[in-house]
Structures are given as structure tokens and as C-alpha cells.
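Inspection log for the structure reproduced underneath, given as C-alpha cells.
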Amino acid sequence: MSDSEEEIQERQLKIVLLGDGASGKTSLAIRFAQEAFGKQYKQTIGLDFFLKRITLPGNLNVTLQVWDIGGQTIGGKMLDKYIYGAQGVLLVYDITNSQSFENLEDWLSMVRKANEESDVQPAISLIGNKIDLEHMRTVKMEKHQRFCQENGLVSQFVSAKTGDSVFLCFQRLAAEILGIKLNKAEMEQSQQVVKADIVNYSQESVARAVNPPRSSMCVIQ
Ligand SMILES: Nc1nc2c(ncn2[C@@H]2O[C@H](COP(=O)(O)OP(=O)(O)OP(=O)(O)O)[C@@H](O)[C@H]2O)c(=O)[nH]1
């Protein structure tokens, strides 16, 4: 076999991103595939694709075909077809939006329905996104963990904004599909250190912090 034929035969995995609109699916796909983030919300109509090659332990190269499915496709005719044949699913919700968590039952049942007739079921991870907004969390950690236990899901918290654990969630899912165990060091390596924004405080605000007025306001950036 020539080198190029081997290249073509390299393992590709279909990974589908599902969850409510605005939970951050496109942002996760862009953070993973292009290492970028945009603040502006642009609704995905239908679906988008991203490709990214990763190396798993043992020097195993795999290409992830990431299918970013618009949240509005729920209940639509095409959804079954998009999900069909996926080896992995990232079920995404926004930790600051309880409704996006409540609707996971529906998304999960879509996955089960689309794969009803296949012998192999996809590996599924539950992704709690926007952990940079921990102070605004409305979905309790225990609820997340219980949902994972009840449905046999891999659990992960991420932030598409800071990049925290984004690569890790895709890597863990790929490893799960291929039956590869990641050790602690490998997982920690993929976690990526979160960079804090540098804020230039004015003289005035520093003075205020040292000597605060009676009622102060907390500004979250
Ligand atoms: N703070 C914060 N905002 C995020 C994060 N991820 C996504 N967002 C923002 O949330 C909004 C929605 O993100 P999208 O990635 O477009 O959401 P989506 O799930 O693809 O939405 P649909 O296309 O409607 O399905 C955007 O304004 C993003 O900038 C995150 O981790 N932290």
C-alpha cells in the first residue's frame, strides 16, 4: 500500500454535537478545530462540519469529523439522518441555563431513536459548558452527575471561551470509542491552562479598591 493510500485509510470518527440553541456547540467546535472563540452568537442553520486530526496514546492518529448540529433542528425531519452512524456524541448544555439541561432528555432520546436499529451504540459525553461563568451556574453539579450515572455518560465540564478542557472532552470521547484508556498525566496535559484576561485598572479604581465606598458594585468582565 502506498503512503497516500494509508493516509486515506486512516481512522475517521464521526462525532456529533447536540444540545439546545446557544449552549455553545459551534463555539466548542471552533475552539477545538481552530483554537479561536467569538463572542457574537450566530445561530447554526442545519449543520456545519469541522475536521481535526488528533494523536491518541500509542501514536494513534485519528481524524475527528465534527458535526455541529443547529439546536433548532430538534423535532425536525433531518435530525435522525445527521445523528445516524455517529460513533460519538457530545451532549452540550449551558451551566447557566437550566432549560438547556432539562431538554437533554429529549436530545438523548433522539440519539437512542436514531440508533435503534444499529448494533453499536455511540459513546456519549455530557458536556456542561460555560464554566467561566461559574458564578452564574443554575444547574447543580449533583444533577449533572446523576444524569451521567443514570444514562452511562462520560462527564465533562468545559469552557469554549477560555478553552478549559475543550481538547480533553474530544480526546476522551475518541479514546472511549476506540477503547483506549487515558492515564491521569495524559488527561492533565490536555486540560490546557486557562489564561486570565489582563485588566488595566485605572488609578481611580485602584484607589477605590483600597478605600471602597459604602455601597460597591461588582463588575464581571
Ligand atoms: N461565557 C461563555 N460564553 C460562551 C461559551 N460558549 C459559547 N458562548 C457564547 O454563547 C453564545 C452561543 O454560542 P454558540 O456556540 O453559537 O451556540 P450553539 O449551541 O452553537 O447555538 P445554535 O447554533 O443555535 O445551536 C455565543 O454568544 C457564544 O459566544 C463559554 O464557554 N463561555
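Just so you know, all these numbers are worked out from the coordinates, no wet-lab data involved. A quick note: this is a predicted structure, and the numbers were derived from the prediction, not measured. A quick note on method: Cβ atoms are made from the backbone with ideal geometry, for glycine too, and the neighbour counts reach across all protein chains shown.
How high is the relative contact order of region 1-109, in percent, counting Cα pairs under 8 Å that sit 6 or more residues apart? Could the numbers behind the result be given before it?
Working: 168 pairs, mean separation 41.2, N = 109.
With pairs under 8 Å counted, the relative contact order is 38 percent.
Quick one: which of 156-168, 75-87 comes out on top by average Cβ neighbours within 10 Å, and what's the full order, highest first?
Details: 156-168: 22.0, 75-87: 15.5.
Those peptides, ordered most packed to least, come out 156-168, 75-87.
Give, in nm to one decimal, the length gained when the segment between MET141 and GLN43 is fully stretched (0.36 nm per residue of separation minus the Cα-Cα distance).
Numbers: separation 98, 0.36 × 98 = 35.28 nm, distance 2.74 nm.
Value of the extension gain: 32.5 nm.
Short version: what are the Cα gyration tensor semi-axes of region 33-153, square root of 5 times each eigenvalue, largest first, in whole Å? Don't skip to the answer; put the middle values down first.
On the way: eigenvalues 101, 78, 61 Å².
Semi-axes, largest first: 22, 20, 17 Å.
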